[in-house]
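To keep things clear, I will list the structure first and then write my remarks on it.
No value in this document is a laboratory result; all are computed from the given coordinates. Everything numeric here is computed off the predicted structure, so don't read it as measured data. Here the Cβ is made from the backbone with ideal geometry for all residues, glycine too, and neighbour counts use every protein chain on show.
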Amino acid sequence: MAPDQVVFTPALNQTFVIAEKATTFALYASTFNPIQLQALIDEHQNSDFTRIDLGTIGTSPVQNFRAIIPISKPNTEIKVVGNGVQYGKITLAKASTKGNDQEFLTEIILPVDEEFRSERIEWLDINDWKGWAWYRSRDTWIEARFTPLLNLDSFLATHNLLLQPNNSTQDPRSILAVFPASTKEAFVTLSAARDGEPPGVYARVRRVKNGSPIQVYVVGKLKVRKGTTNAISEAVEIARVKYGYSARAPFVVENKETPFDRLGFCTWSSIGENIPLTYDLMENLVKLLNRDKVPIGTFLIDDGWQDIRYGHNGAPRSRGLWSFATWSGMKSSLADNVALIKENLPTVKDIGVWMTLAGYWNSISPYSPLARNYEMRMYPLERNNVLGMEWPEHGFDGQQSASLVDLELRAYCLPPPHRAYEFWRDYFQSVVDAGITFVKVDNQAYNSFLKAVEGGEEFVTMWNSMTRAADEIFGENRVIHCMAHYERTFNGDIGMGEATKGRKIVIRNTDDFGLPRRNVHRDHIHYNLYNGILLSQQCLLLDADMFMTNDQWPEYHAVLRAFFNGPIFVADKPGVGDFKVHSKLTARSPGDEIAYRTIRTKNVIRPLHRNVWEATLDAGQGPSIRAGTYFPECESASIVLWNARSDGCDNSIDIIFEGDIIDALEHENKSIESPWKGVVWASNAAQATAVSVNSVSADACFQILASKPILSISVAPKSYEVLTVAPYHNLGPTKISVLGLIDKYAGLAALQCVKIQGTSLEVESKYDGVLGFILAREPSSIYVTVDGSIVEPRSLRLTDGSVLVKVDLTNATSVEGKSTWMVSVSVSA
């Protein structure tokens, strides 16, 4: 059997750190076919792999094997062989677990006359660490890549580091977060040594405001316990304190409904990328959406509506904004299109339009009426502001990009700082007068190429003026900030909440969905989750981008959006869509029969602790991307698995351990009670597994893998699985678990309260759908009411002897004044 058809846990061909007092080590092998394996210990001792019985989930049953390996010295080498094939080796290294949390700080001061400074981070030894570096690998996007710190890129700007020990001299539980904290006066990033500098990690600081000396910080937080989940948030807190913000960020999320709480539709991929919009195209689209009864609450008119001109900003194909009106070929005003949408789509409450921070892709035409009216100035662009980027063959708009041609010879035409607010106020007022209620402001980070300090000041002023005007004209939090990955948002005063006075704003979390790149779909999941590790700790709501429900791995993408806290937009081709996907994302709430809301989590899903460090993107069979989120209202959790194997060719295979369950259930340093008893429900497989979990530490990979294996699971290529982890409640003669709405991706997000009241279990649901319960054994009778009215549940005996009970709320009527449906369940022996 080929080595890539057997999945080892932990993976082979690495040095794996184990506890100092460990006397044995368990190595697991999982495969679809029988196999005989041996572990050769230091060339002179053998340990056979023996079959273990685990509950398996998936269409292809997994066979699991385990070798128990004795450990008697600090370092042990294990070779794995079977049927004449050497599968690889693993070296076990013991390490002490006596580390302490630490804080680190580098302060950098830019004197009055200095525009740029580099300073070595003395407390960061490049030999000690490996992990994730968030690189600005393209002009407007930052993405995480795994690297030893020795190999950190010298020129790509690094915006964050999350590191684990590279050797056994440190506590193996240690996690180090390094956060370069920018302000609106100076941008700071990291890189490796360049231009003959001694080896190390360097802070690169750029002044973007003239005047007095400027002080910035690079902070580090070393965590020994729960570092993967807490190190970054605590590093951000240290930076906030140094800048005089509050330690515990009082971030505010708007309580009233926003355009981003309902299912959105976007014209970009639907009508066609780079196709100018016309009234006829819009009419065809909305009439087909009406015919198909797509439950849209928010509509976004994307790129293609604006009045632009070509060739005015330094290149023949550059495009600049000419006026605030629609382009002549649209043959209609913006107000006409708003009326068209509202007439055909009665569920739509909000309509938005797309634009960029510079007005259009290549700013404003210098010959336009706008340039005269607002005293526009030319601001040169400078590539050296952001070094080392992998400039794409094609630009961000899918065409050969004028913005990347002779960059040093080009300039942006923009309103000067004293006219910037007036420009944005007038622009936004013109679209509000047409019936627009929110905007998507794109290509923001590209403005960091504005040359010198003067360009930096213009960039900062344009963003500040835009957000001020938007808040005044539309109301707060009515902007989607897109292509905005740069110092201020990703690791600066915007991300930390100072620029917005602690109000969370919506930001696109990654590059576009469905780009023509190899492995783009699994990479989209990966980048969203890893950017979410950092951005979810800041003053931001995360938008995972539009997707299609009828093409390009629809449910694979849909489930990610259900577990993020930002807007959800679909972009299906006219007349084509999958109602099944729509229905798993949306539901009605009591008292709101027309506008369906999206069912999504409050907290962004995060990679499980040990999964952060696993090779989930490799070729062949191997582990899934696994991420979890906790729901305090019902003391339950969801674990989502995405098969991310290279090129979508192979099944993923995983073993879930007790430590993974605890990792998903623990939150805010609150430990679960031991033993924890409950159910793991696999949504796609419709399979329940009863589990009893003893309290084990989930601080480090070796501690999780030393806990008891619970079940194994295989996920088909291009697919996913959602595991609901729900506790048992004692209900009369049996135990019961609440699964949430089992016909939704994030069904636990529907629950507002779960409690035992006398002899009944009471559940409040904010949305309609099919509410699921697992009973440990079948009772003689089940009695269910919804808001006091008796309903007949449906029951199904599962293969393990438990019973799935379904309560259908899809036709439930609302009780006036109530915002939830109250479901009561009681049983008798």
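A compact table of results
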{"read-out": "Segment ALA11-TYR783, extension gain: residue separation times 0.36 nm, minus the distance between their alpha carbons", "value": "273.0 nm"}
{"read-out": "Relative contact order for the stretch 698-829, counting Cα pairs under 8 Å that sit 6 or more residues apart, in percent", "value": "24 percent"}
{"read-out": "In the stretch 31-136, trypsin sites (Lys or Arg not before Pro) in a DSSP loop with at most 13 other beta-carbon atoms within 10 Å", "value": "LYS98"}
{"read-out": "Dipole magnitude (debye, nearest 20) for the chain, charges at Cβ of Lys, Arg, Asp, Glu", "value": "780 debye"}
{"read-out": "The stretch 637-779: translational diffusion in µm²/s, Stokes-Einstein, Kirkwood Rh over Cα pairs, 10 °C, 1.306 mPa s", "value": "97 µm²/s"}
{"read-out": "Residue-averaged 222 nm ellipticity for the chain, from DSSP H runs of 4+ at -39500 (n - 2.57), nearest 500", "value": "-5000 deg cm²/dmol"}
{"read-out": "Calculated P(r) of the stretch 259-598 - Cα pairs past 25 Å, %", "value": "51 percent"}
{"read-out": "Farthest positive-ward along the chain dipole, Cα basis, beta-carbon charges - from TRP424, ALA544, SER583", "value": "SER583"}
{"read-out": "Reference-scaled alpha-carbon Rg (2.2 N^0.38 Å with N residues) for the stretch 728-829", "value": "1.00"}
{"read-out": "Computed E for LYS21/ALA716 - FRET, C-beta separation, R0 56 angstrom, nearest 0.05", "value": "0.85"}
{"read-out": "Test item: Cα-centred dipole of the stretch 110-229, Lys/Arg +1 and Asp/Glu -1 on Cβ, debye", "value": "540 debye"}
{"read-out": "Where the Cα pairs of the stretch 102-242 fall when distances are cut into 5 Å bins, in %", "value": "2, 10, 20, 23, 21, 14, 6, 3, 1, 0"}
{"read-out": "Peptide ranges 816-822, 695-701, 577-583 listed from the most packed, as the mean C-beta count within 10 angstrom indicates", "value": "695-701, 577-583, 816-822"}
{"read-out": "Tally of Lys pairs whose C-alpha atoms are under 30 Å apart, taken over the stretch 685-825, 8 or more apart or cross-chain", "value": "20"}
{"read-out": "Charge tally in the Cβ shell below 15 Å around VAL80, where Lys, Arg are +1 and Asp, Glu are -1, VAL80 excluded", "value": "-2"}
{"read-out": "Taking the chain and dividing mean pair separation by its residue count, relative contact order in percent (alpha carbons under 8 Å, at least six apart)", "value": "11 percent"}
{"read-out": "Translational diffusion of the stretch 181-278, µm² s⁻¹ [Kirkwood Rh, Cα pairs; Stokes-Einstein; 37 °C; 0.692 mPa s]", "value": "180 µm²/s"}
{"read-out": "Taking the stretch 650-748 and dividing mean pair separation by its residue count, relative contact order in percent (alpha carbons under 8 Å, at least six apart)", "value": "34 percent"}
{"read-out": "Anchor LYS349: aspartates and glutamates whose Cα lies under 12 Å away (excluding residues fewer than 8 positions away in-chain)", "value": "GLU257, ASP261"}
{"read-out": "Cα-centre dipole for the stretch 542-600 with unit charges at Cβ (Lys and Arg positive, Asp and Glu negative), debye to 20", "value": "160 debye"}
{"read-out": "Pairwise FRET efficiency - GLN45 versus SER430, Cβ, R0 = 60 Å, nearest 0.05", "value": "0.15"}
{"read-out": "Whole-number D in µm²/s for the chain (Stokes-Einstein; Kirkwood sum over Cα pairs; 10 °C, 1.306 mPa s)", "value": "56 µm²/s"}
{"read-out": "Loop-resident sites, the stretch 272-378, for GluC sites (Glu not before Pro), counting at most 13 other Cβ within 10 Å (DSSP)", "value": "GLU375"}
{"read-out": "Built amide H within the under 5 Å cut-off of SER636, gap 5+", "value": "PHE631"}
{"read-out": "Residues whose placed amide H lies under 5 Å from that of ARG377, excluding near-sequence neighbours", "value": "LEU414"}
{"read-out": "Greater than 31 Å apart at Cα, pairs in LYS130/LYS501; LYS331/LYS573; LYS184/LYS584", "value": "LYS130/LYS501; LYS184/LYS584"}
{"read-out": "Gyration tensor over alpha-carbon atoms, the stretch 3-94, equivalent ellipsoid semi-axes in Å", "value": "23, 14, 11"}
